[in-house]
Amino acid sequence: EKGGYDHFMLKEIYEQPSVIKDTYRGRLNANLGIVQMAGVEDNIEKFLNAKRILIVACGTSWHAGLVAEYIFEEFTRIPVEVEYASEFRYRNPIINKDDVVIAISQSGETADTMAAIKLAKENGAFVFGVCNVVGSSISRESHAGAYTHAGPEIGVASTKAFTTQITVLTMIALRLGKAKGTLSNTDFHTYLQELEIIPEKVKEALETNDRAKEIAAAFKDAPNCLYLGRGYNFPVALEGALKLKEISYIHAEGYPAAEMKHGPIALIDEHMPVIVIAPKQGHYDKIVSNIQEIKSRSGKIIAVVTKGDTQVRELADYVIEIPETSDALSPLITTIPLQLLSYHIAVMRGCNVDQPRNLAKSVTVE
Ligand code: F6R
């Protein structure tokens, strides 16, 4: 049942405040300073002794892995590598016994991700699954894991799975950062508190829906689109572009903003919409100068900014305002308007939002 929404995708976008809460419930308590997950506690030594964390996944789950790379390295100082499962499995990869391999998969059935963890196990690594579907193949094949509690995701385009994956991975990073002492006590407690109130901010970010619709109407006929972000929001740019291409069939590319001048800037003219993720926290000044570069080449700028922003507003053609949060948690918020934007563009183009052409919800063949 779509619960009064026109599409499952929209329903699932709107479920994010509650499913993020479901995902941390019983695991996170900011007042008590606790963040724990059974699968992590039972294997805490494996995590703490890890020389390296390897993340394997596909598609949107791979994007969640990239966000996690930034978070893990910052909070735990453990080196992280994020691999497309399909590339990893066929590369004769280097896998060590003291590697922790995290497999991220909504369905828990993705063939390449499954093959990647089998290979990791054969080589003696500890495999931890972050899956949504309880009892799925990947969750069973993993040594341990932590479920996302997103509930069934019906729309082929992944939305709530992505934000709940980031929630679980952030909690793991917090737990390890605290234990290793790589995250200060103050930062640890601040992040716990911020994560606890993230559902409220996601709710606030959903209020950008009308704005997203208005922007969608202006750009629905664009043949191409660029998404730019830096740091924690670089993977969000990739995810924004993937959402747009898969449901609206508009060609879109995500880039780290600073890579523009190494090629993609040649694409920019007055017909190119460029969606820039530019929250106040993070590399704000850098992204402002990236926006200036686009502007001077007449690109159309749609910027996702923190409420109250003035500097980007002066440069951008459209701004979407989101609530402020720390840099590390911002992907949970910046993702929301991008999901809404692709949704509305797809609807306006008459696309089959919940079942885009050529795509399957669960990719059980390679
Ligand atoms: C994009 C999308 C796909 C999946 C990918 C991995 O919206 O849904 O890119 O993310 O096929 O699927 P899981 O997470 O089930 O392994």
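Residue farthest toward the positive end of the dipole of the stretch 136-234, with Cβ of Lys/Arg at +1 and Asp/Glu at -1: which of Y147, G177, L206?
The one lying farthest along the dipole's positive direction is G177.
HN-Hα J couplings of the stretch 74-79 from phi, Karplus 6.51/-1.76/1.60, θ = phi - 60°, integer Hz, Gly and Pro as x?
5, 7, 10, 6, 8, x
Just flag the trypsin sites (Lys or Arg not before Pro) in the stretch 39-75 sitting in loop per DSSP whose Cβ has no more than 16 other Cβ atoms within 10 Å.
Within the stretch 39-75, the qualifying trypsin sites (Lys or Arg not before Pro) (loop, at most 16 other Cβ atoms within 10 Å) are K51.
Could you work out how far helix 111-122 tilts from the main Cα principal axis of the chain, as a 0 to 90 degree angle to the nearest 10?
Between the helix axis and the principal axis of the chain, the angle is about 30 degrees.
Given a Förster distance of 45 Å, report the FRET efficiency between A266 and T182 from their Cβ-Cβ distance, rounded to the nearest 0.05.
According to the calculation, E is roughly 0.65.
Which GluC sites (Glu not before Pro) in the stretch 196-261 pass both tests, a DSSP loop state and at most 15 other beta-carbon atoms within 10 Å?
E207
Quick one: helix 209-219 against the long Cα principal axis of the chain, what's the angle to the nearest 10°, folded into 0 to 90?
60
If you build the convex hull over the alpha carbons only and average its shadow over all orientations, what do you get for the stretch 168-253? Give it in nm² to one decimal.
7.1
Among 271-284, 294-307, how do they line up from the highest to the lowest mean number of other beta-carbon atoms within 10 Å?
In descending order of packing, they fall as 271-284, 294-307.
Nearest 10 degrees is fine. How inclined is helix 284-295 to the longest principal axis of the chain, computing both from alpha carbons?
Rounded to the nearest ten degrees, it is 40.
What's the FRET efficiency of Q36 with R313 using the Cβ-Cβ distance as r and R₀ = 56 Å, to the nearest 0.05?
0.85
Put a dot 7 Å past each Cα toward the Cβ at S18 and K203; how far apart are the dots in nm?
According to this spin-label approximation, the distance is 1.2 nm.
Please give the length that would be gained between N352 and K51 if that part of the chain were fully extended, namely 0.36 nm times their separation in residues minus their C-alpha to C-alpha distance (nm, one decimal).
Going from the current span to full extension adds 103.9 nm.
Output wanted: per-residue J couplings in Hz (rounded whole) for the stretch 8-19, from phi through Karplus 6.51 cos²θ - 1.76 cosθ + 1.60, θ = phi - 60°, x for Gly and Pro.
Values per residue, Gly and Pro as x: 4, 4, 5, 4, 6, 4, 6, 6, 4, x, 7, 6 Hz.
Please sort by residue number the GluC sites (Glu not before Pro) in the stretch 1-109 whose DSSP state is loop and whose Cβ has at most 13 other Cβ atoms within 10 Å.
E1
Would you mind pulling out the separation of the Cα centroids of the stretch 304-361 and the stretch 87-131, in Å?
Taking the Cα centre of each part, the stretch 304-361 and the stretch 87-131 sit 31 Å apart.
Amide H neighbours of T148 under 5 Å, at least 5 residues apart or on other chains, H built in the peptide plane: list them.
When sequence neighbours closer than 5 places are left aside, the close amide H contacts are C131, N132.
Ignoring ligands, DNA and RNA, please state the percent of accessible area on the chain from carbon and sulfur, probe 1.4 Å.
Carbon-and-sulfur percentage of accessible area, whole number: 47.
As an exercise, find the ratio Rg/Rh for the chain from alpha-carbon atoms, using the Kirkwood inverse-distance average for Rh.
0.95
Beyond 21 Å between alpha-carbons counts as too far, so tell me which of K201/K245; K51/K180; K245/K295 fall in that bin.
Violating the 21 Å limit, Cα to Cα: K201/K245; K245/K295.
Build a GNM of the chain with springs between Cα atoms under 10 Å: which of L192, L340, L48 gets the top mean-square fluctuation?
Between L192, L340, L48, it is L48 that shows the largest mean-square fluctuation.
Considering only protein heavy atoms, what per residue accessible area in square angstrom results for the chain with a 1.4 angstrom probe?
I get 40 Å² per residue for the chain.
The values are calculated or read from the model by the stated rules, or taken from the named source; none is laboratory data. Bear in mind the structure is a predicted one, so any value in this text is a computation, not a measurement. Ideal geometry is used to build each Cβ from the backbone, glycine not excepted, and the neighbour counts take in all protein chains shown. Accessible surface areas use protein heavy atoms only, side chains included; no ligands, DNA or RNA. Shrake-Rupley method; radii C 1.70, N 1.55, O 1.52, S 1.80 Å.
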